[in-house]
Amino acid sequence: MHIPTQSCVLYLWMCALTFVKSEECTRDNFISGNLYNSNFDTSKLDATYPLGSQVRVGCSIGFTGFFKLFCTLEGWKSVGSICELRSCGHPGDAPFAEFDLVKGDDFVFGSEILYKCDIGYRMISRSNTRRCVALGWDGVVPTCEPSRCPQIVPQENVQVIGDADEAMYGNVVRFRCRQSSMILDGPEEIYCDENGKWSDKPPTCKELICEEPKIENGRVRDFVSVYRENDIVDYRCNSRYKPVDARPSKCSKVGVGAEWVPKPLCELVKCTLSQPPLRGTTYVRTMKSVFLPDETVTVTCEADFWIGTPETSQQLVHCRNNGNWDILPICNEKRCGRPDEQGVAYPWNRDRRGQTRPLGSVVRYTCGNDYSPTDDRSEATCTGNGWTPNPLCEAKCSPPRGYSSLLQDANRWEWMKKLGHTQTYTCRTGLRKPEGVQRATCTADGWMPNPLCEEITCGTPPAYDRLAAGPRKWTTKPGNTQPYECMSEYKKPEGVQRATCTAYGWIPNPLCEDKCPKPEIENGFAVRASTGIYYYACNENYRPLIDGWWHDVSCNGDEVGGRIRCIGEKKCGQLPVIPHATLEDTANDDYKEEQHIKIMCDRDYKLNTPHITCQAGKWNMGQLLPDEICTPNHTPCGPPPKVDNAVITTAYQTEYLSRTIVTYQCRDDYVMGPKDSLTCKNGDWGENVIHCDKCCQDPNDEALPTTADVEEEGSVTTGTNPDLVHDVSTTSNKEVEHSTSGP
């Protein structure tokens, strides 16, 4: 009985303990239960709560919500909502910018947005992001301002069109050269990009220069490497090729660049045929449409068609070297147009321009005044040789107006003649026939000459513009004389003082003659200008001795001065000037094709080509310029070093040949050191050992002016002004030395 009693007591105690525990709720039970969410803040919860307790559960930082726990016999019960992320609302728009959500899915705690300025704007705020924190969005809405490009400072000869100082994104500035003879070297326009940078560097202006064109199937005949504005390139196409454009190609400004206008191009010389042939035209045994020079094709015309002449129905046509057919290979329909003769009237006076009529057409016609039909029925027929009869109308001449007062022994019926008839006649006293006329002729326009006779008078003399002084009115009768004077470049014929009117005009004729006779030029011709200068050019296949296609010579006293001579176009005239060189055979001025002229360079210069050659009338120097033929053997030196209180006793140069010696001379009151000269050695003057020392000076004397003072006054120079060097040298007895002798 004792053991069962103890067991019963233990059981009751355990039941009582279990009941007490069941009346409490714990924090651990909540955390481990299904009501818990990681967004809750449980740091402030007690470990246990008695039955019936109400507990407000807070949210972690960045979360929000209203959540209560109730401790019941069944454990924790809840009301309210769980903790959710806290919203920061809209972050705010930035002018000229957009933003993207770069972290998170909404504007809630922990999310982050990134602002980006619009194209052409830049961020000036320190930060371009905002984050949603517990108290809302951090920072401020950033600011964007327009991107600006740096100021453009163009070269002096470049003109800027547009805002080059305050340019913003999208602004465009354009450039052009202030001088029309220059072109842009760089872009014609640039723009300010979204990053505040210019799209390209500003251009510069350079001289308008065209390079030698590369001509396919042709070659340039000039020995020129650089062409300037308006220069014309002389080129020739290869055999069987011809220029595309007959105009000369000129170096021209096109837009902002330099181009050849028109572009020098060569095309194959060819003649073309229309395939298939035009109506009425047949080509004999050929189907091709392109022919080379000297090739031929036979053209046959169908009935009522002709080629060459209206009587020809078949013709062999040749392709010429210029790409044209000697006869157009097209058969023409035989038709009759307006008769090509005088006096024809109806019906052709009513036809439209270019209107023709087919073969066999018969029309009745009339003739104009002073004409009559040659056909009795006044009918014209269109034939293969044109209108028949031929001519359709015949002109008739009636007596000329006023013939009785002009002619001796005038007979009316003698002057009623047909077209082409000639008539002898004699003019009355005081009248004469026009110069060169012996007989009168009946023409479609009446009797010729008209009038038949004219009064014998002297009018304005020929070459009137040569007179310096004379009567205003020159019209007078034979036998009268007039005083006159010639212009300075003309003279009266020897022994003549006055002009005399004769039946044959003024004597002498001309009244004034050239002081200098017109030069007789073999293979050429000359034209005199009003200034007295003769301009001359050469005949085909010849050219002047001096370069160029024409030249001028002036009148010196009674002679024409200057070298007037025409040589073959493939010969060469005067020799080119080649610095530092001697050319053989310089006495000659007429050099033949492929003739070589030997070149000898001066001492200390090396020869880069042994000779020049006459080719096609120009001197071929082997692609070298004249100053590139003889070049120094050694590297030249620049100006010698400056020495205080001294000058160099020769004129200033920018370059000195190797082994050139320059001598210094001290100013007054200074003496030269041990050495007074330096020698250029392959581009180097060596160590400067020249110095000028002050002579002995009384301590009481005032200090002499410094070199800089003297130079400022312009009385002493260091070799930059030859005139000042001469002034200093006259004050010293030192000998001026300068040597360019070789080793």
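Here are some notes:
Yes/no matrix, rows are residues, columns are (1) within 29 Å of Ala529 (Cα to Cα); (2) hydroxyl-bearing (Ser, Thr, Tyr):
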{"residue": "Trp413", "(1), (2)": "no, no"}
{"residue": "Gly420", "(1), (2)": "no, no"}
{"residue": "Ala444", "(1), (2)": "no, no"}
{"residue": "Met448", "(1), (2)": "no, no"}
{"residue": "Cys453", "(1), (2)": "no, no"}
{"residue": "Pro462", "(1), (2)": "yes, no"}
{"residue": "Pro478", "(1), (2)": "no, no"}
{"residue": "Cys486", "(1), (2)": "yes, no"}
{"residue": "Tyr490", "(1), (2)": "yes, yes"}
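- Test result for Val647, touching a Cys at 6+ places or on another chain (Cβ under 9 Å), β-branched (Val, Ile, Thr) and outside any loop (DSSP other than H, G, I, E, B): yes
- Of the strands (runs of 3 or more DSSP E) entirely within the stretch 64-165, none holds at least 3 residues that are in contact (Cβ under 8 Å) with a residue 24 or more places away in the chain and β-branched (Val, Ile, Thr).
- With respect to (1) surrounded by 15 or more Cβ atoms within 10 Å (Cβ to Cβ); (2) within 22 Å of the chain's Cα centre (by Cα), the lone exception for Gln155 is condition (1).
- The stretch 283-294: number of residues that are in contact with a Cys (Cβ under 9 Å, 6 or more places away or on another chain) and loosely packed, with under 14 Cβ neighbours inside 10 Å: 3
- Any hit, the stretch 483-494, residues being assigned to a loop (DSSP other than H, G, I, E, B), touching a helix residue (DSSP H, G or I) at 6+ places or on another chain (Cβ under 7 Å), hydrophobic (A, V, I, L, M, F, W, C) and within 30 Å of Ser405 (Cα to Cα): no
- Residue count for the stretch 505-531, restricted to those that are more than 30 Å from Thr476 (Cα to Cα) and surrounded by fewer than 16 Cβ atoms within 10 Å (Cβ to Cβ): 9
- Some residue of the stretch 312-324 being within 30 Å of Lys242 (Cβ to Cβ), touching a residue at least 40 places away in the same chain (Cβ under 8 Å) and of a type in the set (D, E, K, R): yes
- Residue selected from the stretch 439-459 under the condition out of contact with any strand residue (DSSP E or B) (no Cβ under 8 Å at 6 or more places or on another chain) and modelled with pLDDT under 85, by the criterion nearest to Gln482 (Cα to Cα): Gly459
- Boolean, Trp474 is surrounded by 15 or more Cβ atoms within 10 Å (Cβ to Cβ), in a strand (DSSP E or B) and not acidic (Asp, Glu): no
- The residues of the stretch 326-338 that are surrounded by fewer than 19 Cβ atoms within 10 Å (Cβ to Cβ) and either modelled with pLDDT of 85 or more or over 30 Å from Gly446 (Cβ atoms) (or both), listed by number, are Asp326, Ile327, Leu328, Ile330, Asn332, Glu333, Arg335.
- Condition check for Ser405: more than 20 Å from Thr422 (Cβ to Cβ), surrounded by 14 or more Cβ atoms within 10 Å (Cβ to Cβ), modelled with pLDDT of 85 or more and small (Gly, Ala, Ser): no
- Any hit, the stretch 15-25, residues being surrounded by 10 or more Cβ atoms within 10 Å (Cβ to Cβ) and modelled with pLDDT of 85 or more: yes
- Across the stretch 650-687, the qualifying residues are those that are aliphatic (A, V, I, L, M) and in a loop (DSSP other than H, G, I, E, B), and the one among them that is surrounded by the most Cβ atoms within 10 Å (Cβ to Cβ) is Leu657.
- Applying a threshold of 6 Å to beta carbon distances and a minimum spacing of six or more residues, or different chains, the list of pairs starting in the stretch 613-634 at a residue that is assigned to a loop (DSSP other than H, G, I, E, B) and ending at one that is surrounded by fewer than 18 Cβ atoms within 10 Å (Cβ to Cβ) and among the basic types (Lys, Arg) reads Ala616/Lys570; Gly617/Lys570; Asn633/Lys606.
- Candidates Val153, Val108, Val102, Val141, filtered to the one that is of a type in the set (A, V, I, L, M), outside the structural domain of Glu259 (by TED's automatic domain parsing) and modelled with pLDDT of 90 or more: Val141
- Taking the stretch 352-380 as the range and being surrounded by fewer than 14 Cβ atoms within 10 Å (Cβ to Cβ) and under 60 Å from the mean Cα position of the chain (by Cα) as the test, the residues that pass are Arg352, Arg353, Gly354, Gln355, Thr356, Pro358.
- Selected residue (only one of Lys250, Lys334 is basic (Lys, Arg) and under 30 Å from Leu419 (Cβ atoms)): Lys334
- Boolean, Trp447 is exposed (fewer than 14 other Cβ atoms within 10 Å of the Cβ) and of a type in the set (Phe, Trp, Tyr): no
- Residue selection: Asp200 satisfies the criterion of being under 30 Å from Ile119 (Cα atoms), touching a Pro at 6+ places or on another chain (Cβ under 6 Å) and of a type in the set (D, E, K, R).
- Pairs meeting the criteria (first residue in the stretch 489-514 and closer than 29 Å to Val437 by Cβ, second residue acidic (Asp, Glu), beta carbons under 7 Å, at least 6 apart or on different chains) are Pro493/Glu513.
The values are calculated or read from the model by the stated rules, or taken from the named source; none is laboratory data. Quick caveat, the model's predicted, so the values are computed rather than measured. For neighbour counting, all protein chains shown are included, and Cβ atoms are generated from backbone atoms with ideal geometry for every residue, glycine included.
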